[in-house]
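Okay, so here's the structure we're looking at.
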Amino acid sequence: MCGMTPNDLNTPAPITWCPGCGNFGILTASKMAIAELINEGFAQRKDFVITTDIGCGAKIYDYIDVNGLYGLHGRAIPPAVGIKLANPELKVIAYGGDGGFLNEGIAHLLHAARYNSDITVVLHNNQVFALTTGQATATTEKGFKGKSTPLGTFEEPLNPIALTLEAGATFVAREFAYDVVHLKETLKAAIKHKGFSLVEVLQPCVSFHDTTQYFREHVYRLEEDGHDVHDYWAALRRAREWNYELDPDARVPTGIFYVNEDKMPYEEGWPSVRKGPFWKRERNRDWKEIVSQYRVE
Ligand SMILES: Cc1ncc(C[n+]2csc(CCOP(=O)(O)OP(=O)(O)O)c2C)c(N)n1
Ligand code: SF4
């Protein structure tokens, strides 16, 4: 019997991304990762759920044939956390852009990391609001001239790797969108990880912020540079090696920065969630008995 192929996850929706967009790499790697995880018996197709928001990257949900939902801009994470609480057996992946996750939705990102909610966040970081044609976001480098910043930005960019490490994430990685096989492997590891995982993908926007050549020349792999993924302080130091400026001398680390398998996932803290999916939990129980579970004497 042949297993599932990435093409089995295609949808009839026409892909509207610009030719050459880094999102194609994320789509291909995601379909490969999901198909392989299904073939390896990690989960069934019905177990994967995608949540997303509004943006170019967010449209990925139209192109992968699994369950999911669209949220408002910046709100891919709250439904992901809610879905995981309602059914902890599901593998929930939240996709979105740097605008959605680090501008409008930054509180959701940091708190989900702090909770160690067992979801995977895939951050399509093109360092620009792309769908709305090129305004600066929280990760845009200084000096970028766009429609909202004709004189050039002068604010310091945020560093999502350092931020989520500080907030409590237990799996933190960065990949380059055109390094598809490497990205696929990291996505698989992130989805398998029990706890909050962030996979930041350096995703050139060829129309409004084309960093393709810059990243081709500046990325390096952590695993080829002696990095220990279980060393939190080493992960933070590596995170600070690149500050999101497109400095000609910078080295941009990619791969897995940090893994911590010892911290309890958020969902396991809830007595009701430990009983399994909501639809299998006991029905018609006395409300006083339910409330008594949470009472502090
Ligand atoms: C709360 C809110 N703010 C702004 C918008 C307008 N808006 C829709 S998509 C978008 C840009 C999305 O940028 P990003 O999240 O970085 O994703 P990209 O398009 O770059 O993949 C903006 C500003 C909105 N829909 N809702
Ligand atoms: S505008 Fe940029 S991010 Fe959006 S599809 Fe085109 S290249 Fe990709």
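For segment 203-248, a tally of residues being assigned to a loop (DSSP other than H, G, I, E, B) and either closer than 28 Å to residue 153 by Cα or basic (Lys, Arg) (or both) returns 16. Just one residue in the set 122, 172, 181 is within 14 Å of ligand 1 (Cβ to nearest atom) and under 20 Å from residue 26 (Cα atoms); that residue is 122. Checked against the criterion of being more than 16 Å from ligand 2 (Cβ to nearest atom), crowded, with 20+ Cβ neighbours inside 10 Å and closer than 23 Å to residue 183 by Cβ, segment 127-137 contains not a single residue that satisfies it. Of all residue pairs spaced 6 or more apart or on separate chains, those with beta-carbon atoms under 8 Å, a first member in segment 113-139 that is under 21 Å from residue 252 (Cα atoms) and a second member that is in a strand (DSSP E or B) and more than 16 Å from ligand 1 (Cβ to nearest atom) are 121/197.
Apart from one condition, residue 62 fits all of (1) surrounded by 19 or more Cβ atoms within 10 Å (Cβ to Cβ); (2) of a type outside the set (S, T, N, Q); (3) within 16 Å of ligand 2 (Cβ to nearest atom); the exception is (1). Under the condition of being closer than 15 Å to residue 178 by Cβ and touching a Phe, Trp or Tyr at 6+ places or on another chain (Cβ under 8 Å), the residues counted in segment 3-25 number 5.
Selection of segment 249-266 for residues being under 21 Å from residue 154 (Cα atoms) and surrounded by 13 or more Cβ atoms within 10 Å (Cβ to Cβ) yields only 250. Residues in segment 94-109 that are away from ligand 2 (no atom under 16 Å from the Cβ) and either under 11 Å from residue 198 (Cβ atoms) or of a type in the set (Phe, Trp, Tyr) (or both): 94, 109. Summed over segment 177-202, the residues that are assigned to a loop (DSSP other than H, G, I, E, B) and closer than 26 Å to residue 115 by Cβ give a count of 4.
For the residues 204, 253, 265, the requirement of being more than 30 Å from residue 129 (Cβ to Cβ) and either in contact (Cβ under 8 Å) with a residue 60 or more places away in the chain or of a type in the set (Asp, Glu) (or both) singles out 265.
Among the residues making up segment 73-108, a single one is closer than 15 Å to residue 267 by Cα and either among the acidic types (Asp, Glu) or within 12 Å of ligand 1 (Cβ to nearest atom) (or both): 89.
Residues are listed down the side, and each one gets a yes or a no for (1) on the phi < 0 side of the Ramachandran plot; (2) within 16 Å of the chain's Cα centre (by Cα); (3) within 16 Å of ligand 2 (Cβ to nearest atom); (4) without any contact (Cβ under 8 Å) to a residue 12 or more places away in the chain:
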{"site": "169", "(1), (2), (3), (4)": "yes, yes, no, no"}
{"site": "173", "(1), (2), (3), (4)": "yes, yes, no, no"}
{"site": "178", "(1), (2), (3), (4)": "yes, no, yes, no"}
{"site": "187", "(1), (2), (3), (4)": "yes, yes, no, no"}
{"site": "200", "(1), (2), (3), (4)": "yes, yes, yes, no"}
{"site": "210", "(1), (2), (3), (4)": "yes, no, yes, yes"}
{"site": "220", "(1), (2), (3), (4)": "yes, no, no, no"}
{"site": "223", "(1), (2), (3), (4)": "yes, no, no, no"}
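Could you check segment 86-134 and list, in sequence order, the residues that are β-branched (Val, Ile, Thr) and over 19 Å from residue 201 (Cα atoms)? Residues satisfying the conditions are 132, 133.
When segment 117-157 is filtered for residues that are over 30 Å from residue 193 (Cα atoms), at pLDDT 95 or above and not in a loop (DSSP other than H, G, I, E, B), only 135 remains.
Residue-level check: of (1) within 18 Å of residue 198 (Cα to Cα); (2) in contact with a helix residue (DSSP H, G or I) (Cβ under 6 Å, 6 or more places away or on another chain); (3) free of Cβ contacts under 8 Å to residues at least 60 places away in the same chain; (4) buried (at least 20 other Cβ atoms within 10 Å of the Cβ), residue 68 misses just (1).
The values are calculated or read from the model by the stated rules, or taken from the named source; none is laboratory data. Since the model is a prediction, treat every value here as computed from it, not as a measurement. Glycine also receives a Cβ, built like all others from the backbone with ideal geometry; neighbour counts cover every protein chain displayed.
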